[in-house]
Amino acid sequence: MAFKKDDAVRLAEGLESLLEDFDPDTLDYSTRRRLSEAARKLSLATEAPGDTVHRIAHSSFQLPLALIGVETGLFDILSDLNGGTATNDELAKKTSIDPALLRRLLRYYQSFGIISQSNDTEYGGNNITRALVTLGGRSALPFIFAAIAPAINAMPQFFRENKYANITDPAVLPFHQGHNTTEPAFNWLNERPEVLKSFMGWMAGQRDGLPTFLSAVDFDAEFAKGAEASTPVFVDVGGSMGHQCIAVRQRYPELVGRVVLQDLPETIEKVKASPLPGFEQIEAMEHDFFTPQPLRGARAYYFRNVLHDWPDAKCIEILQNIKPAMTAESRILIDEMILPEKDAPWRATQQDFIMGACQAAQERSHGEWVKLFENAGFKIERMWKYTEELSDYLIALVPK
Ligand SMILES: C[S@@+](CC[C@H](N)C(=O)[O-])C[C@H]1O[C@@H](n2cnc3c(N)ncnc32)[C@H](O)[C@@H]1O
């Protein structure tokens, strides 16, 4: 039966009344996600052409303007009101923003749903404001603004000049054009302590609210049986702040064996200087994964979102550096997205372009992963899917 005008009006009225007093936290995770996706698709399907053009043409405004709200502490103040409100003048005093400028900022944030406005003069925080002051939010905005946005903005010219060839050469990237540098992205990052700090916070917070692989796999039973205190049970290679090591320890307080974070010296130094809560039972070790793995016989060499940073040839080097350290009980655990051929998730597709622009890397489909593992001398033993949002999988590899 066709959807008629009366049905549309009833649906709109229902949504309007829902929004009058709506607390998304009262919904269970999958209902909330379903409603959000349906509303997003409906909004796009019903958008007027003029709105489409304005939305896309001005899309690059949101990041810099939201960054101002994070940097000035405005979003912290609004979130801390816990449902209460404050006036423009009160907020101006607390943030030291000129009241006339603040009024314009608040007006912008309200119009994009980033904050709430209860009457002509009172403002408050909402679910979006609160998301932007989590570790992930407050880290992602400065990191993406400083490191990624210039690379993405360079893409139209880069592709035009390269006749729309795919990005495959790590020495010639939109990242280089956007930052006017010839340095590899991780070198550039490691020379900028403030940007590195944001990156590390973003790595720790990027999947806030989503399940981890531990929701789908009983790590202790599958990989750690019979381990001794000296056995490295979980080696998180390129693990940034060690958030996944902490998650393993917290999930299995009785886990026997060593849990080890490995990363580059600049990262390990920062982790030691300000460890995340729960890091006490984790070992931090400097290790370059383009050199042979120093820990022999680990039960799990775990890589989350590491291989997506590198083109196939570099991934093969990384994997082959593990092989000599493996014993019969060792597994390489790859924690990555597997892109479906149809209906790829939006969070995954934008991630794909970050990897391309900055590293000549990519998100991969099932076929692309299998080919890469085969070329590195490995085969998939088992795999577990654990998110729909990103199509995340844990993939256990053994040598062929
Ligand atoms: C995309 S981040 C992933 C971080 C973490 N695994 C996660 O999922 O949150 C990639 C990590 O690889 C590290 N890395 C880059 N090059 C490296 C190298 N040559 N050796 C070891 N770690 C490296 C970076 O410092 C960073 O922590």
Notebook entry, point to check: Restricting attention to region 77-93, does a residue exist that is among the basic types (Lys, Arg), in a helix (DSSP H, G or I), over 25 Å from the mean Cα position of the chain (by Cα) and under 15 Å from GLY124 (Cβ atoms)?
Noted result: no
Notebook entry, point to check: Which residues, taken from region 303-317, are more than 8 Å from the ligand (Cβ to nearest atom) and either assigned to a loop (DSSP other than H, G, I, E, B) or open to solvent by less than 60 Å² (accessible area, probe 1.4 Å) (or both)?
Noted result: LEU307, TRP310, PRO311, ASP312, CYS315, ILE316
Margin query: What's the total number of residues in region 249-293 that are within 15 Å of the ligand (Cβ to nearest atom) and over 29 Å from VAL195 (Cα atoms)?
Written below: 0
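From the set of residues in region 170-212 that are hydroxyl-bearing (Ser, Thr, Tyr) and farther than 15 Å from ASN305 by Cβ, which is surrounded by the most Cβ atoms within 10 Å (Cβ to Cβ)?
Initial filter on region 170-212 (hydroxyl-bearing (Ser, Thr, Tyr)): 181-182, 198, 212.
With the extra rule that they be farther than 15 Å from ASN305 by Cβ, the set shrinks to 181-182, 198.
Details: THR181: 14, THR182: 11, SER198: 21.
Here the answer is SER198.
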Margin query: Looking only at region 213-225, filter to residues that are open to solvent by less than 70 Å² (accessible area, probe 1.4 Å) and of a type outside the set (Phe, Trp, Tyr); which one of those is farthest from the ligand (Cβ to nearest atom)?
Written below: ALA221
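Filter region 362-396 down to residues that are charged (D, E, K, R) and either surrounded by 18 or more Cβ atoms within 10 Å (Cβ to Cβ) or not in a strand (DSSP E or B) (or both), then give me how many there are.
Qualifying residue count for the region: 8.
Any idea which of GLN262, GLN293 is modelled with pLDDT of 95 or more and either over 17 Å from LEU397 (Cβ atoms) or assigned to a helix (DSSP H, G or I) (or both)? It would help to see each step written out before you state the result.
Details: GLN293 fails: either over 17 Å from LEU397 (Cβ atoms) or assigned to a helix (DSSP H, G or I) (or both).
When all the criteria are applied, what remains is GLN262.
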Next item on the list: Could you grab me the full set of residues in region 11-24 that are assigned to a helix (DSSP H, G or I) and modelled with pLDDT under 85?
Entry: PRO24
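Taking only region 265-285 into account, find how many residues are assigned to a loop (DSSP other than H, G, I, E, B) and closer than 9 Å to MET241 by Cα.
Keep residues of region 265-285 that are assigned to a loop (DSSP other than H, G, I, E, B), which gives 274-278, 282.
Right, trim to closer than 9 Å to MET241 by Cα and you get 275-276.
Looking only at that region, the number is 2.
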Notebook entry, point to check: Taking LEU106 and the conditions (1) part of a helix (DSSP H, G or I); (2) open to solvent by 10 Å² or more (accessible area, probe 1.4 Å), which numbered condition does it fall short on, given that it satisfies the others?
Noted result: (2)
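If you take the residues of region 47-76 that are more than 22 Å from the chain's Cα centre (by Cα) and among the acidic types (Asp, Glu), which of them is farthest from LYS94 (Cα to Cα)? First the steps, then the outcome.
The first filter runs over region 47-76 and keeps only residues more than 22 Å from the chain's Cα centre (by Cα), leaving 47-58, 72-74.
Those still in the list that are among the acidic types (Asp, Glu) too: 47, 51.
Values: GLU47: 38, ASP51: 35 Å.
Top of the filtered list is GLU47.
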Next item on the list: Considering each residue of region 135-194, count those that are over 30 Å from PHE75 (Cβ atoms) and within 16 Å of the ligand (Cβ to nearest atom), and give that number.
Entry: 5
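Can you tell me which residue in region 117-130 is most open to solvent (accessible area, probe 1.4 Å), limited to those that are touching a residue at least 24 places away in the same chain (Cβ under 8 Å) and within 16 Å of ALA66 (Cβ to Cβ)? Lay out the reasoning, then the answer.
Keep residues of region 117-130 that are touching a residue at least 24 places away in the same chain (Cβ under 8 Å), which gives 118, 121-125, 127, 129-130.
Now drop any that are not within 16 Å of ALA66 (Cβ to Cβ), which leaves 123, 125, 127, 129-130.
On the way: TYR123: 12, GLY125: 18, ASN127: 66, THR129: 0, ARG130: 106 Å².
Selected residue: ARG130.
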Check: For region 37-45, does any single residue satisfy the condition of being under 22 Å from the mean Cα position of the chain (by Cα), surrounded by 11 or more Cβ atoms within 10 Å (Cβ to Cβ) and farther than 27 Å from THR121 by Cβ?
Finding: yes
Checklist line | Among (1) over 24 Å from the mean Cα position of the chain (by Cα); (2) surrounded by fewer than 16 Cβ atoms within 10 Å (Cβ to Cβ) - the single one PRO340 does not satisfy | finding: (1)
Margin query: Considering only region 231-248, I want to know if a residue exists there that is open to solvent by 60 Å² or more (accessible area, probe 1.4 Å), away from the ligand (no atom under 12 Å from the Cβ) and within 21 Å of the chain's Cα centre (by Cα).
Written below: no
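The values are calculated or read from the model by the stated rules, or taken from the named source; none is laboratory data. This is a predicted model, so every value here is computed, not measured. Backbone-built Cβ (ideal geometry, glycine too); neighbour counts: all protein chains shown. These accessible areas exclude ligands, DNA and RNA; they are computed on the full protein's heavy atoms, side chains included. Shrake-Rupley method; radii C 1.70, N 1.55, O 1.52, S 1.80 Å.
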